[in-house]
Amino acid sequence: MKKVALLLAILCAIVVSCSKTVKEPVSYTVEHPTSNPLPDVFIPDSGTYDLAAMVKFLSGTNEDKVTVVLKGLPADVTVEKDTISGLPTFTADFILHTNHAAQAKYPVSIVATAPGSAQKHYDFNLTVIPADCAAYLFGDYTAVNACTARTYSYTATASATGAPNTMNISNFGGYGITTSTRVNINCSNDSLSIPYQNIGNGTTVSGYGVFVANQITLYYTASNTPTGISETCSVALTR
């Protein structure tokens with residue numbers, strides 16, 4: 001009888017043990033809120049930048065926290081909080097600060113951990129760029145225009161607007177020394193854009209371009225030019 005009772009107890013224990021649910025570890029990935037994988041990051045050499053990383057839930061338990069740590073920052077780039085934990089899905093905002101940081105490219109990584117799963121590494125580059133790179137482009141330029149109906153040369157001058165990452169070009173397109181064309185500058189990819197505008201003599205322009213060293217290349221369209229015609233042009237400005 002005792003053997004039967006013992007056997008029944010063992011069987012009962014086995015049944016109870018087998019009926020327990022085995023918790024599956026959380027499965028997740030870390031990506032940018034708008035893209036996957038994490039892209040390279042460009043931050044100003046003086047200022048504040050929000051480096052956002054989304055910890056995205058994939059499967060498994062939703063009760064385990066994921067911890068992400070930002071590693072590899074250079075000494076002159078600081079972060080308010082380098083370790084952030086939460087239940088996925090959540091966004092970790094690493095707030096970075098710079099003050100005349102060295103302009104260079106640095107390999108950094110986000111290291112993620114969660115109970116019951118292996119550590120994950122997400123590597124990308126962090127590049128420190130000028131907070132305002134417009135000053136690098138100020139000066140006098142020799143310009144050569146190639147337009148749909150004509151090719152011609154002239155001089156132009158790029159100067160400050162009072163706002164960061166913008167400049168004014170006087171005599172842009174050779175449309176008059178009293179004209180002023182506002183150009184926006186993207187320091188992270190060395191590109192420029194000309195928002196649609198009246199440059200001061202009735203001429204309207206818009207366009208885009210790139211810059212390297214002492215040369216700017218722009219592609220634009222113009223209406224109501226001094227010649228009375230509309231133009232589609234490319235222009236190479238050399239300082």
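Each value in this text was obtained by applying a stated rule to the coordinates, not by laboratory testing. Owing to the predicted nature of the structure, the values given are computational and were not obtained by experimental measurement. All Cβ positions, glycine included, derive from the backbone under ideal geometry; neighbour counts span all protein chains shown.
Things worth noting here:
- Dipole moment magnitude, nearest 20 debye, the stretch 24-129 about Cα centre, only Lys, Arg, Asp, Glu C-beta charged: 120 debye
- Convex hull volume per residue for the stretch 24-129, taking Cα atoms only, in Å³: 82 Å³
- Normalised size of the stretch 91-170, defined as Cα radius of gyration per 2.2 N^0.38 Å with N residues, equals 1.91.
- Largest first, the extents of the alpha carbon coordinates of the stretch 117-227 on the three principal axes equal 70, 28, 23 Å.
- Local net charge near Ser46, Cβ-Cβ under 14 Å (Lys/Arg +1, Asp/Glu -1): -3
- Pairs from Lys81/Lys105; Lys71/Lys105; Lys23/Lys71; Lys23/Lys65 whose Cα-Cα separation, in the structure shown, is over 25 Å: Lys23/Lys71
- Overall, the chain carries a charge dipole of about 880 debye about its Cα centre when +1 sits on the Cβ of Lys and Arg and -1 on the Cβ of Asp and Glu, all other atoms neutral.
- Charge sum, other residues only, whose C-beta stays under 13 Å from Tyr106's C-beta, Lys/Arg counted +1 and Asp/Glu -1: -2
- For the stretch 134-238, the relative contact order works out to 22 percent when only alpha carbon pairs closer than 8 Å and six or more residues apart are counted.
- For the stretch 194-239, the Kirkwood radius over C-alpha pairs fed into Stokes-Einstein at 37 °C and 0.692 mPa s yields D = 293 µm² per second.
- Alpha-carbon Debye profile of the chain, log10 I(q)/I(0) at 0.14, 0.17 Å⁻¹: -0.91, -1.09
- Here the sum of -39500 (n - 2.57) over DSSP H runs of 4 or more residues, divided by the residues of the chain, equals -2500 deg cm²/dmol at 222 nm, to the nearest 500.
- Kirkwood hydrodynamic radius of the stretch 94-140, from the reciprocal of the average inverse Cα-Cα distance over all distinct pairs: 14.0 Å.
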